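This report refers to the structure that appears directly beneath it.
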Amino acid sequence: MNMSVGIDIVRVDRIENILDKKRNLFLSKIFTINEIKYIKEKNNSPQTIAGLFSAKESISKAIGTGIGKVSFKDIEISHDRFGKPIVTINEKVKSFGISKIDLAITHEKEYAVSFAEVEFNSNKNAVNIPEELKGLLTKRNPDSHKGDYGKVLIIGGSRGMTGSITLSSKASMRTGSGLVYTMVPEYLETIMSIKLTEEIVKIAKDNGKGYFIKEALEDILNNAKGKDALAIGPGMGTYKDNIYLLGEIIKNTNVPMVIDADELNALSKDIDMLKNKKNSIVITPHPGEMARLLDKSIKEIESNRIYYAKYISNKYDIVTVLKGNNTIVSYKDQVYINNSGNPGMAKAGSGDVLTGIITSLIGQGLEPFNAAKLAVYIHGLAGDFAKDKKGEYSMVASDIIENIGEAINFLLTNKKFSSKLN
Ligand SMILES: NC(=O)C1=CN([C@@H]2O[C@H](COP(=O)(O)OP(=O)(O)OC[C@H]3O[C@@H](n4cnc5c(N)ncnc54)[C@H](O)[C@@H]3O)[C@@H](O)[C@H]2O)[C@@H](O)CC1
Ligand SMILES: Nc1ncnc2c1ncn2[C@@H]1O[C@H](COP(=O)(O)OP(=O)(O)O)[C@@H](O)[C@H]1O
Ligand SMILES: [Mg+2]
């Protein structure tokens, strides 16, 4: 069992000063409704308020993040009948792998002091699987065949960028798709046929250019027919016909769709094309792509991640996956904040892998919002397993793919199967 402690001291007069200036704002920012009730019961005593404030600081230190990754209201402090403080944490904080938190608070007239002890699950990767993701993935039926696990079409690639489409396609296969069709401009047929083994290569007319052109539309729509999900965008480059193609595909196919990378750039030129959609759409922007989509700065997006993810999702009735540390998945007013993953994933190709995982899960019949949440979790966990083996510096996107199996197994059984670990 791993344990960690945190301690904090607060001057009561500091809290009194804040209360004098902006009492309501401070209380509502730091404390939950139940805590505010308790504070009232204690006649708004500044010592009590300072003690509770200090306690949240101690707990965040013991968790190892400090306030930031964990926010004040993720932690609620109540009291048993003897007055001993009891700590309740929400699913987001639980998913740090916490099994128990003990807390002590004391105060004098001038100071409040608190001490917290956090117990983590013994396996550092054994992050608690978020409740809402449990049961979404089920065991495969012994009598099943590849037709039962979805046919997906992954569209993308251009000269110089055959890697991204390869990563998305392989990730779909590793996530369990029955059949993966990878569609590239005709010029890339030979190279893709060498790079891909289990996947089937499909080509779109390109007049020898090596990127998607208007004339590819017919091939794309024909290949989309009968598919259970499609993804479009990775490695397509910023060619002008991408905008036309995306508009026509959205209008003319009823296959659920994941839009990523260069087709997000195309979408930013005419975002209202989303209004013509015939079925569910998932968009997977990183903050740079989201900034382009909404014509805002990256800084503005990063300071209001939940707000903008919900905004675009509500406005266009789509699932939004706003990537980065603590990827946000939103649909209508629902928001999921992911906790798996690590900075080793901040490398070319990691997002392409995610696109393949989401598309595969939609193809296997999951609702797009569930597919996106589960995919983001699996992707991060596979990244964490890759980090165990290769380290944050050295792990690459292909290593995330290599660990999808282990992440899925962990979800299904709560156990890791690699003997090399720990
Ligand atoms: N091997 C390959 O073929 C690869 C091809 N790729 C393709 O390369 C093309 C360009 O994609 P890019 O995403 O590199 O280019 P973009 O120019 O769209 O985005 C890169 C920029 O976005 C910003 N950004 C990204 N993540 C951020 C974060 N978490 N916080 C703040 N800012 C952030 C940064 O300013 C970064 O330089 C796409 O077609 C893509 O699919 C990439 O997927 C990488 C691998
Ligand atoms: N610091 C980080 N912690 C966790 N995940 C990260 C971090 N940095 C990047 N990632 C993940 O890596 C992926 C990067 O996606 P993207 O920028 O589209 O990459 P690419 O286009 O090169 O494939 C996203 O899923 C993102 O959430
Ligand atoms: Mg990307």
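Being surrounded by fewer than 23 Cβ atoms within 10 Å (Cβ to Cβ), among the aliphatic types (A, V, I, L, M) and more than 10 Å from ligand 1 (Cβ to nearest atom), is that true of even one residue in region 342-362? The answer is no, given that none of the residues of region 342-362 is surrounded by fewer than 23 Cβ atoms within 10 Å (Cβ to Cβ), among the aliphatic types (A, V, I, L, M) and more than 10 Å from ligand 1 (Cβ to nearest atom). Among the residues making up region 232-250, those that are within 11 Å of N265 (Cα to Cα), over 26 Å from the mean Cα position of the chain (by Cα) and open to solvent by 60 Å² or more (accessible area, probe 1.4 Å) are Y239, K240. Within region 131-146, the set of residues being within 10 Å of L411 (Cβ to Cβ) and in a loop (DSSP other than H, G, I, E, B) comprises K134, G135, L136, L137. Scanning region 290-305 for residues that are at pLDDT 95 or above, open to solvent by 30 Å² or more (accessible area, probe 1.4 Å) and among the small types (G, A, S) yields one hit, S297. For region 269-280, the criterion of being within 16 Å of ligand 2 (Cβ to nearest atom) and either surrounded by 17 or more Cβ atoms within 10 Å (Cβ to Cβ) or farther than 22 Å from P368 by Cα (or both) is met by none of the residues.
If you go through region 322-329 one residue at a time, do you hit one that is away from ligand 1 (no atom under 14 Å from the Cβ) and either touching a helix residue (DSSP H, G or I) at 6+ places or on another chain (Cβ under 6 Å) or not assigned by TED's automatic domain parsing to the domain that holds K278 (or both)? There is at least one residue in region 322-329 that is away from ligand 1 (no atom under 14 Å from the Cβ) and either touching a helix residue (DSSP H, G or I) at 6+ places or on another chain (Cβ under 6 Å) or not assigned by TED's automatic domain parsing to the domain that holds K278 (or both).
Inspection of region 252-267 identifies no residue that is among the β-branched types (V, I, T), within 16 Å of ligand 2 (Cβ to nearest atom) and out of contact with any Ser or Thr (no Cβ under 8 Å at 6 or more places or on another chain). Restricting region 139-173 to residues that are charged (D, E, K, R) and surrounded by fewer than 24 Cβ atoms within 10 Å (Cβ to Cβ), the residue that is nearest to ligand 1 (Cβ to nearest atom) is R159. Checking K347, K332 one by one, the residue that is farther than 16 Å from I281 by Cα and out of contact with any Leu (no Cβ under 7 Å at 6 or more places or on another chain) is K347 and no other. Of the set (1) more than 23 Å from D13 (Cβ to Cβ); (2) open to solvent by 40 Å² or more (accessible area, probe 1.4 Å), all apply to V118 but (2). Filtering region 336-377 to residues that are more than 10 Å from ligand 2 (Cβ to nearest atom), closer than 25 Å to S71 by Cβ and β-branched (V, I, T) leaves only I337. Within region 387-400, none of the residues are touching a Pro at 6+ places or on another chain (Cβ under 6 Å), in a helix (DSSP H, G or I) and buried (at least 24 other Cβ atoms within 10 Å of the Cβ).
The values are calculated or read from the model by the stated rules, or taken from the named source; none is laboratory data. These numbers come from a predicted model, not from an experiment. When we count neighbours, we look across all protein chains shown, and the Cβ atoms used for this are built from the backbone with ideal geometry, even at glycine. Accessible surface areas use protein heavy atoms only, side chains included; no ligands, DNA or RNA. Shrake-Rupley method; radii C 1.70, N 1.55, O 1.52, S 1.80 Å.
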